[in-house]
Amino acid sequence: MNLPRVSALFSTFNRAPLLRRALEGLLHQTLHRDEFEVIVVDDGSSDDTGSVVREFEPLLQVKYMFQENMGLAAGKNTALHLAQAPLVVFMDDDDIPAPNLLEEHLAAHLKYPEEFYAVLGHTNLDEGISNDFLMHYITQIGCFLFCYPRIQHEEILDYTYFWGGRSSCKKDFLINNGIFDPIFKFGCEDIELGYRLSRCGLKVVYNRNALSTMIRKISLLEFCKRAEKQGFSNLIFSQMHPTKEVEAWCMTQNIVTDWETLGKHHAILMKSALDLDEIARIRKNNGLELDETTTHLLHQSYLNSINAHRIKGSYEAKMSSVCNEIQ
């Protein structure tokens, strides 16, 4: 059998039902199944992830690898080293790929064949979650999760758009110039790698037509916890690369004084956001619209609570042994 042209890479942890739907999406690709392979690295799951993947072995060229839980970066590195194709597409286990996803990534790389070009695809929200107040805010207003409203189709972007789970690149470019740093358990593993690759000329092309759909709804508590983990990784990133550019992206300039000021109000900010979020949902469930003032207050409360958790995470990283080892 000829080697595949594209490798679709997953690093997954305890999301078997979501992963099944993602793999089902790969059954319907316009790219012929002989032209792509699927690599699933199970990063220490305790659910039936392995059984789910084995269901697809008769249907797809799929490789499954279990490893002890080491975090997202380590999982992606394992998948990368297992890949046989010259082009690797990093996938998220909570996204369903559109039928054209892999073909569109491949087409973009054929249009931009230089090794330093990566491709960013587009991720929509599933109809069932797109109207959720928080999901709409973090993707369309605050742009904490995605920031597609700020970019244009075929725009050439910098390393800060090398987003994990929806980007592709030439495998050899990574192998020869740098892979993911396993110090990152969650967050920043993609942007930190992109920063290092930018020194080798990395450019990111946005292909609006390489589509996937996110199917996992995130609650405010879950997203704040995510922001806390992101803040922790941000501080590590800024310590590893102590430049003004990285510090500005990580927003870690005054992290100690910020948390000393904010910490005493942290619980109040969170309660306010949760209360407003609940009020908004009650009104929606009763068929009532949110007025402009309430919407503004809701968005401001989201912003305050998310930023507070990010700052908390960065402060905790600053005080941690991980940060001391980097220094």
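The values are calculated or read from the model by the stated rules, or taken from the named source; none is laboratory data. Everything numeric here is computed off the predicted structure, so don't read it as measured data. Cβ placement follows ideal geometry from the backbone for every residue including glycine, while neighbour counts extend to all protein chains displayed.
Can you tell me how many residues in the range 174-189 are buried (at least 18 other Cβ atoms within 10 Å of the Cβ) and among the charged types (D, E, K, R)?
Residues that pass the stated criteria total 2.
What about residue 21, is it under 19 Å from residue 213 (Cβ atoms), assigned by TED's automatic domain parsing to the domain that holds residue 104 and charged (D, E, K, R)?
yes
Right, residue 118: modelled with pLDDT of 95 or more and farther than 27 Å from residue 238 by Cα or not?
The answer is no for residue 118.
Under the condition of being in contact with an Asp or Glu (Cβ under 8 Å, 6 or more places away or on another chain) and assigned to a loop (DSSP other than H, G, I, E, B), which residue from the range 221-269 is surrounded by the most Cβ atoms within 10 Å (Cβ to Cβ)?
241
Among 219, 130, 238, which is touching a Ser or Thr at 6+ places or on another chain (Cβ under 9 Å), of a type in the set (Ser, Thr, Tyr) and either under 23 Å from residue 270 (Cβ atoms) or assigned by TED's automatic domain parsing to the domain that holds residue 316 (or both)?
The unique qualifying residue is 238.
Of all residues in the range 1-12, how many are of a type in the set (A, V, I, L, M, F, W, C) and surrounded by fewer than 20 Cβ atoms within 10 Å (Cβ to Cβ)?
Residues of the range 1-12 of a type in the set (A, V, I, L, M, F, W, C): 1, 3, 6, 8-10.
Retained after the next criterion (residues that are surrounded by fewer than 20 Cβ atoms within 10 Å (Cβ to Cβ)): 1, 3.
Number of matching residues: 2.
Among the residues of the range 135-152, are any crowded, with 20+ Cβ neighbours inside 10 Å, hydrophobic (A, V, I, L, M, F, W, C) and either outside any helix (DSSP H, G or I) or not assigned by TED's automatic domain parsing to the domain that holds residue 107 (or both)?
Looking for residues that are crowded, with 20+ Cβ neighbours inside 10 Å, hydrophobic (A, V, I, L, M, F, W, C) and either outside any helix (DSSP H, G or I) or not assigned by TED's automatic domain parsing to the domain that holds residue 107 (or both), one finds none in the range 135-152, hence no.
Could you give me the residue pairs with C-beta distances under 8 Å whose first residue belongs to the range 44-65 and is on the phi > 0 side of the Ramachandran plot, whose second residue is not in a loop (DSSP other than H, G, I, E, B) wherever it lies, and which are 6+ apart or on separate chains?
44/66; 44/67
Against the condition charged (D, E, K, R), exposed (fewer than 15 other Cβ atoms within 10 Å of the Cβ) and under 27 Å from residue 175 (Cβ atoms), how does residue 42 come out, does it pass?
Against the criterion (charged (D, E, K, R), exposed (fewer than 15 other Cβ atoms within 10 Å of the Cβ) and under 27 Å from residue 175 (Cβ atoms)), residue 42 does not qualify.
Being assigned to a helix (DSSP H, G or I) and basic (Lys, Arg) is the filter; apply it to the range 47-103 and report the residue that is nearest to residue 163 (Cα to Cα).
The initial filter retains those residues of the range 47-103 that are assigned to a helix (DSSP H, G or I), namely 49-55, 72-82, 101-103.
Checking the rest, the ones that are also basic (Lys, Arg) come to 54, 76.
Values: 54: 28, 76: 13 Å.
Residue satisfying both the conditions and the ranking: 76.
Output the residue which, of all residues in the range 108-131 that are among the aliphatic types (A, V, I, L, M) and either in contact (Cβ under 8 Å) with a residue 24 or more places away in the chain or part of a strand (DSSP E or B) (or both), is surrounded by the most Cβ atoms within 10 Å (Cβ to Cβ).
118
Would you be able to say whether some residue in the range 225-233 is farther than 23 Å from residue 44 by Cα and not aliphatic (A, V, I, L, M)? Write out each step before concluding.
Let us first name the residues in the range 225-233 that are farther than 23 Å from residue 44 by Cα, namely 231.
The next check asks that each one be not aliphatic (A, V, I, L, M); those that pass are 231.
Within the range 225-233, one or more residues are farther than 23 Å from residue 44 by Cα and not aliphatic (A, V, I, L, M).
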